[in-house]
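The values are calculated or read from the model by the stated rules, or taken from the named source; none is laboratory data. Every value quoted in this text rests on a predicted model; they were computed, and no experiment measured them. Counting neighbours? That spans all protein chains shown, and the Cβs are built from the backbone with ideal geometry, glycine included. For the accessible areas, the whole protein counts, side chains as well, though only heavy atoms, and no ligand, DNA or RNA atoms are used. Shrake-Rupley method; radii C 1.70, N 1.55, O 1.52, S 1.80 Å.
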Amino acid sequence: GDAVFRQATKEFCFGPEASCVKEDRVATVQALSGTGALRVGAEFIATHFPGTKVYISDPTWGNHFKIFGNAGLETEKYRYFKAETRGLDFDGMIEDIKAAPEGSVVVLHVCAHNPTGVDPTPEQWEEICKVITE
C-alpha cells in the first residue's frame, strides 16, 4: 500500500511519539475494502497464531464468519445488539469478551456498526479497550 497512508495510519493508531512508531516496530498493510482487510487479517492469524478463536459481533455481515472459517479459524459470537432497546447490549458484550480465552481475537466495527448502525459511546470504548487488554 501507499507508504504515506500507512505511516499516517501508524501515527493515528498509536500516536506519533509512541516508541513502537519511532522504532519502526509497527507493520501496516493496506487492503482493498473491509472484506479484503478481514481476509488478510484472518490469514495472518491462521498462519502465525493457529488455533486462535475469533469472536465476531452478533449481528454482523454474513461473510465475516465465512472469512475466518475459510482461513481455518474457529469463530464465536459475542452479544452486540439488544433488539428490545434497539441499542448496544454493552453488558452482554463485555461479559462475552471477558469470558473469551486469553489470546482470542475480537473483531470490532470501529464506527458505523453494520448492519445495526449502533456504536459504543467514547466512555464505552474506553471500557472495551480496558477489558480487551486485560
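Just checking, does segment 72-86 include any residue being farther than 24 Å from Cys13 by Cα, in contact (Cβ under 8 Å) with a residue 12 or more places away in the chain, out of contact with any Ser or Thr (no Cβ under 7 Å at 6 or more places or on another chain) and of a type in the set (A, V, I, L, M, F, W, C)? For segment 72-86, residues farther than 24 Å from Cys13 by Cα, in contact (Cβ under 8 Å) with a residue 12 or more places away in the chain, out of contact with any Ser or Thr (no Cβ under 7 Å at 6 or more places or on another chain) and of a type in the set (A, V, I, L, M, F, W, C): absent.
Looking at (1) open to solvent by 40 Å² or more (accessible area, probe 1.4 Å); (2) at pLDDT below 95; (3) more than 25 Å from Gly117 (Cα to Cα), can you tell me which one Gly62 breaks? Of the numbered conditions (1) open to solvent by 40 Å² or more (accessible area, probe 1.4 Å); (2) at pLDDT below 95; (3) more than 25 Å from Gly117 (Cα to Cα), the odd one out for Gly62 is (3). Within segment 119-134, take every residue that is of a type in the set (D, E, K, R) and assigned to a loop (DSSP other than H, G, I, E, B) and give me the one that is surrounded by the most Cβ atoms within 10 Å (Cβ to Cβ). Step by step, filter segment 119-134, then rank; the result is Asp119.
Of all residues in segment 21-57, which are open to solvent by 100 Å² or more (accessible area, probe 1.4 Å), closer than 29 Å to Gly92 by Cα and either among the charged types (D, E, K, R) or part of a helix (DSSP H, G or I) (or both)? Passing the criteria: only Phe44. Within segment 65-99, the residues that satisfy the criterion of being open to solvent by less than 20 Å² (accessible area, probe 1.4 Å) and either touching a strand residue (DSSP E or B) at 6+ places or on another chain (Cβ under 8 Å) or on the phi > 0 side of the Ramachandran plot (or both) are Phe68, Leu73, Tyr78, Tyr80, Gly87, Gly92, Met93, Ile97.
Checking each residue in segment 102-118 for being surrounded by 15 or more Cβ atoms within 10 Å (Cβ to Cβ) and assigned to a loop (DSSP other than H, G, I, E, B) picks out Ser104, Val107, Leu108, His109, His113, Thr116, Val118. Do we have any residue at all in segment 57-65 that's under 21 Å from Lys130 (Cα atoms) and in contact (Cβ under 8 Å) with a residue 40 or more places away in the chain? Looking for residues that are under 21 Å from Lys130 (Cα atoms) and in contact (Cβ under 8 Å) with a residue 40 or more places away in the chain, one finds at least one in segment 57-65, hence yes. Taken together, the residues in segment 4-20 that are open to solvent by 50 Å² or more (accessible area, probe 1.4 Å) and outside any helix (DSSP H, G or I) amount to 2.
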